[in-house]
Amino acid sequence: MKIKKETFARLEEIMKAMSNASRLKILFTIFKNERCVNDIVKLSGISQSIVSQSLCKFQILGLVELKKRGNRHIYCIKDEKLFEILKQLKEYANEK
């Protein structure tokens with residue numbers, strides 16, 4: 001299988017973004033459920049600044065989507081493929 005250099009660079013960026021327990025917890029907090037930053041903070045126990053920074057990074061990478069509803073900013077996983085990746089990672093981690 002031949003993979004372009006640019007693809008490896010993008011994979012590295014995505015893997016780095018998800019290589020932290022707090023960031024993974026944030027992703028799993030919005031797994032299948034749209035949530036605002038305050039809800040993510042409450043449910044995850046992670047500080048507001050880390051949640052906001054992580055969501056910004058995820059948004060830049062195209063992993064999450066921001067939806068504005070009035071004065072609320074709602075975040076959700078952008079692509080169904082990421083649901084499957086997270087689900088598979090969780091299953092893999094639970095097997096070991």
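What follows draws every value from the coordinates through simple rules; no lab data is involved. None of these values were measured; they are calculated from a predicted model. In this analysis, Cβ positions are derived from the backbone assuming ideal geometry, glycine residues included, and neighbour counts consider all displayed protein chains.
Numerical summary
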item	result
Sites residue 8 and residue 32, calculated FRET efficiency, Cβ-Cβ separation with R0 25 Å, nearest 0.05	0.30
Three principal axis lengths of the chain [C-alpha, angstrom, descending]	47, 31, 23
Distant-in-sequence amide H partners of residue 36 (H built 1.01 Å from N, under 5 Å)	75
Length added when fully stretched, residue 92-residue 57, from 0.36 nm per residue minus Cα-Cα	10.1 nm
Positive-end residue, the range 5-95 charge dipole about Cα centroid, Cβ charges, pick of 71, 36, 60	71
Estimated 222 nm signal from helices in the chain, with DSSP H stretches of n ≥ 4 weighted -39500 (n - 2.57), rounded to 500	-19500 deg cm²/dmol
Amide proton proximity set for residue 63, modelled H, under 5 Å, gap of 5+	none
Net dipole in debye of the chain [+1 Lys, Arg Cβ; -1 Asp, Glu Cβ; about Cα centre; nearest 20]	160
Charge context of residue 59, other residues only, Cβ under 9 angstrom, K/R +1, D/E -1	+1
Local electrostatic count, residue 83, Cβ distance below 14 Å [Lys/Arg +1, Asp/Glu -1]	-1
Length-normalised contact order of the chain in % [C-alpha pairs under 8 Å, at least 6 apart]	25
